[in-house]
Amino acid sequence: MRFSMRRLFLAAVVAPTIFSAAQARPFPGPDVQQIYQRLLPQIDKIPAFDHHAHPGYFDDPDVDAMAAPPNASEPLRTRDDNPELVAAAKALFGYPYADFSSDHAKWLLDKKTELKKQLAGTAYFNSILDKLNTESSVANRAIMPDYLDPQRFPWVFFADSFLWPFNNESETARNPDQGVFIPLQEKMLHRWMQQENVSKLPATFADYLKFVSQVLEDNSKRGGIAMKFEVAYFRPTTFGDPARAQAEDIYQRYVTGGIPSEKDYRTFQDYIFRYLVVEGGRLHLPVHIHTAVGIGDYFNLSQSNIMNLESVLRDPRYASTTFVMIHGGYPLEREAIWLAAMKNVYLDSSFGELAQYPSAFKDTLKMWLETFPDKITFGTDCFPYNEVLGAEESYWLGAQSSRSALAAALAEMISENEITETRALELAHAYLHDNAVKLYGDQVH
Ligand SMILES: [Zn+2]
């Protein structure tokens, strides 16, 4: 160590230019725009793997396991009157107008109807992926529809509902958002019960856990590549670590009825959440967790921010479970990237690129690329807006925003002497495709 430091010192004295060439500088040079223009077409050519999306038609109730509460506040760029969506419709469908007035919107509806007829079955949504140069896109959905090709839309199913098996009267009454969310969790749990031919909750806790595991195993056989939690919407994400006997006692008390106290319900959920995390390791089902702000005016950011999960993520008992932090903790993405120090923790950037404009999202990506570039993945979080503007336009906006922000981040890094152009393209491939695909072995491409 001492020897090499001395050599370094001598070299610096003898040939300072060697070092100044590699020294990062705090501002990009005047070449940054040129580098960006050079990188962007190359980045556009990289086939992407979209690690988080909700593809489907607006009237398809299975696009998500939950729904937006009515009248929820939407941040500016995610509203359906975002003028950028005109550009999306132009690029995807040759939309000839500059607004979505009702007669213009009808043109788009008719166009999509016609295309869906021409491109029957799974061909329509495959054609959307082709236009975006997206090789495959996760379909994070309640269940899969027959109009999505499972080869290109690997399924990520929802695991939250196992946390709400009891009488949910007080959970549902907590606020208007929970009034929408919790009944949908009950519906999801009943679907899993139907799938397993279980007509009522198993009488014993051991059998309940067996049922939970059976659903995971069957979903995996049906093409599920990961399980997803949106638990941050429903309760704080600080998870206690109760003994099995405690959870079992609560199960026995409420399995046939009665309203659990909030404390009892949370204790039961803490146990089930950790059980699912362990099962995710055993069954090679990565665990996706929503970690960001969320829709609904009652979403409690301080009680559900990503750092609350640190004690679970850094727990060596869960080292064989792969975690994907969906939405990268936004707006705490700066703290969040340090969680990726854990070998089994990855960050997905979806929603960040829709909530922020590319100029701001570029800074997020740059900071991540400078910290753990091998642990970050691309996703859009696309979602149908309304009957006219669908997941298609959302896919386009997410992909375009991500690719342009990525090119801009890398152009700055090159211009500031942090990396070479060759390295920049390697990092682009890793973020847009390779890092995520590696998580699933040969299941996805
Ligand atoms: Zn999502």
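Residue-by-condition table, conditions (1) under 13 Å from the mean Cα position of the chain (by Cα); (2) hydrophobic (A, V, I, L, M, F, W, C); (3) closer than 22 Å to ILE376 by Cβ:
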residue	(1), (2), (3)
VAL287	yes, yes, yes
GLY294	yes, no, yes
ASP297	no, no, no
MET307	no, yes, yes
ARG317	no, no, no
VAL324	yes, yes, yes
Flagged pairs (Cβ under 6 angstrom, 6 or more apart or on separate chains; first in region 218-238, in contact (Cβ under 8 Å) with a residue 12 or more places away in the chain; second open to solvent by 30 Å² or more (accessible area, probe 1.4 Å) and away from the ligand (no atom under 16 Å from the Cβ)) are SER220/LEU283; GLY223/PRO150; ILE225/GLN443; PRO236/GLN303; THR237/ASN308; THR238/ASN308
Restricting region 44-90 to residues that are open to solvent by 20 Å² or more (accessible area, probe 1.4 Å) and among the hydrophobic types (A, V, I, L, M, F, W, C), the one farthest from the ligand (Cβ to nearest atom) turns out to be ALA87
By residue number, the members of region 299-349 that are surrounded by 15 or more Cβ atoms within 10 Å (Cβ to Cβ), farther than 22 Å from LEU439 by Cα and touching a residue at least 60 places away in the same chain (Cβ under 8 Å) are PHE299, ASN300, SER304, ASN305, ASN308
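Can you tell me which residues in region 259-306 are within 16 Å of the ligand (Cβ to nearest atom) and not in a loop (DSSP other than H, G, I, E, B)?
Restricting attention to region 259-306, the residues satisfying the condition of being within 16 Å of the ligand (Cβ to nearest atom) are 286-296, 299, 304, 306.
Scanning region 259-306 gives VAL287, HIS288, ILE289, HIS290, SER304, ILE306.
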Within region 350-380, residues being out of contact with any Lys or Arg (no Cβ under 8 Å at 6 or more places or on another chain), among the aliphatic types (A, V, I, L, M) and open to solvent by 20 Å² or more (accessible area, probe 1.4 Å) number 1
Quick check on region 28-43. Is at least one of its residues surrounded by 13 or more Cβ atoms within 10 Å (Cβ to Cβ), closer than 30 Å to PHE229 by Cβ and not basic (Lys, Arg)? no
Note on region 222-258: residues open to solvent by 10 Å² or more (accessible area, probe 1.4 Å), outside any loop (DSSP other than H, G, I, E, B) and not hydrophobic (A, V, I, L, M, F, W, C) are TYR233, ARG244, GLN246, GLU248, ASP249, GLN252, ARG253, TYR254
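Tell me whether region 176-183 contains one or more residues that are in a loop (DSSP other than H, G, I, E, B) and either open to solvent by 10 Å² or more (accessible area, probe 1.4 Å) or over 23 Å from ILE326 (Cα atoms) (or both). Before you say what the answer is, go through the steps one by one.
Going residue by residue through region 176-183, those that are in a loop (DSSP other than H, G, I, E, B) are none.
No, region 176-183 contains no residue that is in a loop (DSSP other than H, G, I, E, B) and either open to solvent by 10 Å² or more (accessible area, probe 1.4 Å) or over 23 Å from ILE326 (Cα atoms) (or both).
Of everything in region 377-416, what is among the β-branched types (Val, Ile, Thr) and more than 21 Å from the chain's Cα centre (by Cα)? Give them in sequence order. Reasoning before the result, please.
The first filter runs over region 377-416 and keeps only residues among the β-branched types (Val, Ile, Thr), leaving 377, 380, 388, 414.
If the condition is that a residue be among the β-branched types (Val, Ile, Thr) and more than 21 Å from the chain's Cα centre (by Cα), then VAL388, ILE414 are the ones that fit.
Under the condition of being acidic (Asp, Glu) and either within 16 Å of the ligand (Cβ to nearest atom) or closer than 21 Å to ILE295 by Cα (or both), which residue from region 343-363 is farthest from the chain's Cα centre (by Cα)?
If we filter region 343-363 for residues that are acidic (Asp, Glu), which is where we start, we get 348, 353, 363.
Checking the rest, the ones that are also either within 16 Å of the ligand (Cβ to nearest atom) or closer than 21 Å to ILE295 by Cα (or both) come to 348, 353.
Working: ASP348: 5, GLU353: 12 Å.
Only one residue tops the list, namely GLU353.
The values are calculated or read from the model by the stated rules, or taken from the named source; none is laboratory data. Because the structure is a prediction, the values reported are computed rather than measured. A quick note on method: Cβ atoms are made from the backbone with ideal geometry, for glycine too, and the neighbour counts reach across all protein chains shown. Surface areas here come from the heavy atoms of the whole protein model, side chains and all, with no ligands, DNA or RNA. Shrake-Rupley method; radii C 1.70, N 1.55, O 1.52, S 1.80 Å.
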